[in-house]
Amino acid sequence: MNAPWSQTASGGRFDILDPKPEQVRLSDIAAQLSKICRFGGACTDFYSVAQHSVEVAELMPRKWRAYGLLHDAHEMIVGDLTTPVKRAIHAVYHRRAPLDVLVDRIDAAIHAAFGLAYPLAPEIADAVKLADLTMLATERRDLMRPCDHAWLPLPAPRNWGVTPLDCGRAEQLFLIVARQTLKGAGA
């Protein structure tokens, strides 16, 4: 049996169980994330993971923006599973879910491709988590219909809103920010 792999936007091969840094292309990350909708498509307008990643990066301290930009880069392969789906997977397995193992392998290859440390230092991981949750609160406010059911506790949303971009603009913006934040890191 052949090991599972995924074709990338550029026509490359990404080995899912044994990803290698040389299989990672910035253009593939940007192209693929720009076509994946956040919230499983439940938002009021199409809003891509690529744009979300840029928004998270912009909330990060400048020296750590690359980590914010790439925090969901693994979703180019595994897709954007919503937090409730991830929690359901954990509940079924009662331990570290197999998806987490795949995500760790993919994240390790992506970070290595750009010369970034992985796993993240705790202070960087905490900063990424805060920026990600701040964007989640902002996206909930700006892109989701009102809901009577409680979400997980969230920080305050940022003061300015989110205006969703089409796929092409989100892809280009991701590449621009990547080239600014990943200078000297394989971009």
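The values are calculated or read from the model by the stated rules, or taken from the named source; none is laboratory data. From a predicted model like this one, the values you see are computed outputs, not experimental measurements. For neighbour counting, all protein chains shown are included, and Cβ atoms are generated from backbone atoms with ideal geometry for every residue, glycine included.
Looking at Phe14 and the list (1) under 22 Å from Ala125 (Cα atoms); (2) touching a helix residue (DSSP H, G or I) at 6+ places or on another chain (Cβ under 7 Å), which single condition is not satisfied?
Going through the list (1) under 22 Å from Ala125 (Cα atoms); (2) touching a helix residue (DSSP H, G or I) at 6+ places or on another chain (Cβ under 7 Å), Phe14 breaks only (1).
Is segment 61-68 home to any residue that is buried (at least 16 other Cβ atoms within 10 Å of the Cβ), farther than 24 Å from Thr8 by Cα, in contact (Cβ under 8 Å) with a residue 60 or more places away in the chain and among the basic types (Lys, Arg)?
Scanning segment 61-68, I find at least one residue that is buried (at least 16 other Cβ atoms within 10 Å of the Cβ), farther than 24 Å from Thr8 by Cα, in contact (Cβ under 8 Å) with a residue 60 or more places away in the chain and among the basic types (Lys, Arg), so the answer is yes.
Considering only residues that are buried (at least 20 other Cβ atoms within 10 Å of the Cβ) and either touching a strand residue (DSSP E or B) at 6+ places or on another chain (Cβ under 7 Å) or assigned to a loop (DSSP other than H, G, I, E, B) (or both), which ones fall in segment 39-54?
Tyr47, Ser48
With the condition kept exactly as written, say whether any residue in segment 153-168 is out of contact with any Pro (no Cβ under 7 Å at 6 or more places or on another chain), in contact (Cβ under 8 Å) with a residue 40 or more places away in the chain, at positive phi and not basic (Lys, Arg).
no
Identify, by number, the condition in (1) of a type in the set (D, E, K, R); (2) modelled with pLDDT of 95 or more; (3) more than 26 Å from Gly41 (Cβ to Cβ) that Arg169 doesn't meet.
The number of the failed condition is (3).
Could you give every pair whose Cβ atoms fall below 8 Å, whose first residue belongs to segment 130-152 and is more than 18 Å from Val85 (Cα to Cα), and whose second residue is small (Gly, Ala, Ser) and assigned to a helix (DSSP H, G or I), counting only separations of at least 6 or pairs across chains?
Final answer for the pair search is Ala131/Ala57; Ala131/Gly68.
Suppose we filter segment 78-132 for residues that are at pLDDT below 95, more than 19 Å from Val49 (Cβ to Cβ), among the aliphatic types (A, V, I, L, M) and in a loop (DSSP other than H, G, I, E, B); how many remain?
Residues flagged as at pLDDT below 95, more than 19 Å from Val49 (Cβ to Cβ), among the aliphatic types (A, V, I, L, M) and in a loop (DSSP other than H, G, I, E, B) within segment 78-132 amount to 1.
Restricting to segment 138-176, count the residues that are assigned to a helix (DSSP H, G or I) and either in contact with a Gly (Cβ under 6 Å, 6 or more places away or on another chain) or over 19 Å from Ile36 (Cα atoms) (or both). Step through it out loud before you land on a result.
Just the residues of segment 138-176 that are assigned to a helix (DSSP H, G or I), to begin with: 138-143, 167-176.
Then keep just the ones that are either in contact with a Gly (Cβ under 6 Å, 6 or more places away or on another chain) or over 19 Å from Ile36 (Cα atoms) (or both); that gives 141-142.
The total comes to 2.
Has segment 87-107 got at least one residue that is of a type outside the set (A, V, I, L, M) and more than 30 Å from Pro21 (Cβ to Cβ)?
yes
In segment 55-77, what residues are in a helix (DSSP H, G or I), farther than 18 Å from Arg158 by Cα and in contact with a Ser or Thr (Cβ under 8 Å, 6 or more places away or on another chain)?
Ala66, Leu70, Met76, Ile77
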